Amino acid sequence: MSPGAHLSDTEKTFSEADIIVSKTDLKGRITYCNEIFCEIAGYSYKELIGQPHSIIRHPDMPRCVFELLWKRIADGHEVFAYVKNLCRGGEFYWVFAHVTPTFDNAGKIIGYHSTRRVPERKILNDAIIPFYQQLIEMEQAPKSRKNGQHNSSEFLANYLSDNRVTYDEFILTL
């Protein structure tokens with residue numbers, strides 16, 4: 001978000017035919033992004049290249065979801081996730097993301113690739129937004145940010161375990 005911009009309640013949308021694409025290095029710095037990414041996020045290509053992908057991280061996104069996402073892709077797995085992203089001007093947009101590691105010829109992870117589509121509104125409203133709000137409240141409850149993230153991560157792990165599903169299974173069965 002640009003300096004001086006404030007969070008907005010305005011949601012930006014994009015066409016169901018559009019796919020937002022980005023690639024990052026191992027540290028999450030953007031190495032490629034397509035035109036729709038730039039358009040919806042409100043940045044130019046030059047402004048995004050080399051920046052941490054977290055430049056579009058919305059504060060309403062539970063940190064424990066990103067912790068799980070990064071752990072899974074660093075371990076070589078693909079991840080599906082609903083993500084609320086932040087635009088340069090403070091607006092937001094929701095995506096259904098598919099994030100995968102990129103491998104070299106020797107099988108070593110050299111970066112990450114993400115494609116994002118328009119999510120189903122009913123799933124967002126009925127499941128994701130209330131669940132994420134619960135996780136955010138857990139993260140914000142303790143004075144220590146670290147303790148809050150630990151609490152929400154533990155809750156998420158227990159929720160998945162109790163329901164005998166992986167995170168991807170949970171997301172894909174909503």
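The values are calculated or read from the model by the stated rules, or taken from the named source; none is laboratory data. Because the structure is predicted, anything quoted here is derived from the model rather than measured. When we count neighbours, we look across all protein chains shown, and the Cβ atoms used for this are built from the backbone with ideal geometry, even at glycine. These accessible areas exclude ligands, DNA and RNA; they are computed on the full protein's heavy atoms, side chains included. Shrake-Rupley method; radii C 1.70, N 1.55, O 1.52, S 1.80 Å.
Contact map, region 33-56: residues that are touching a residue at least 40 places away in the same chain (Cβ under 8 Å) paired with residues that are in a loop (DSSP other than H, G, I, E, B) and of a type in the set (D, E, K, R), Cβ distance under 8 Å, separation 6+ or inter-chain. Pairs shown: Ile40/Lys12; Ala41/Arg88; Gly42/Arg88; Gly42/Glu91; Tyr43/Arg88.
Name the residue that is farthest from Ser54 (Cα to Cα), counting only residues in region 111-126 that are in contact with a Phe, Trp or Tyr (Cβ under 7 Å, 6 or more places away or on another chain) and part of a strand (DSSP E or B). Give the steps one after another, and end with the answer.
Going through region 111-126, the residues in contact with a Phe, Trp or Tyr (Cβ under 7 Å, 6 or more places away or on another chain) turn out to be 116-119, 124.
So of that shortlist, the ones also part of a strand (DSSP E or B) come out as 116-117.
Numbers: Arg116: 15, Arg117: 18 Å.
Ranking the candidates gives Arg117 first.
From the list Ile136, Ile123, Ile55, the one residue that fits, being under 28 Å from Asp25 (Cβ atoms) and of a type outside the set (Phe, Trp, Tyr), is Ile55.
Quick check on region 147-174: of everything there that is of a type in the set (D, E, K, R) and loosely packed, with under 11 Cβ neighbours inside 10 Å, which residue is farthest from Phe96 (Cα to Cα)? Going through the qualifying residues, I end up with Asp162.
With touching a Cys at 6+ places or on another chain (Cβ under 9 Å) and not hydrophobic (A, V, I, L, M, F, W, C) as the only criterion, which of Ser54, Ser8, Ser15 stands out? None of the other options fit; the residue is Ser8. Restricting region 49-80 to residues that are under 13 Å from the mean Cα position of the chain (by Cα), open to solvent by 20 Å² or more (accessible area, probe 1.4 Å) and of a type in the set (A, V, I, L, M, F, W, C), the residue that is farthest from Leu172 (Cα to Cα) is Ile55. Considering the conditions (1) on the phi > 0 side of the Ramachandran plot; (2) open to solvent by less than 20 Å² (accessible area, probe 1.4 Å), Val95 is excluded by exactly one of them, (1).
Using the structure shown, decide if Glu139 is open to solvent by 60 Å² or more (accessible area, probe 1.4 Å), part of a helix (DSSP H, G or I) and farther than 30 Å from Glu39 by Cα. The answer is no for Glu139.
Among the residues of region 20-48, the ones that are part of a loop (DSSP other than H, G, I, E, B) and open to solvent by less than 60 Å² (accessible area, probe 1.4 Å) come to 6 in all.
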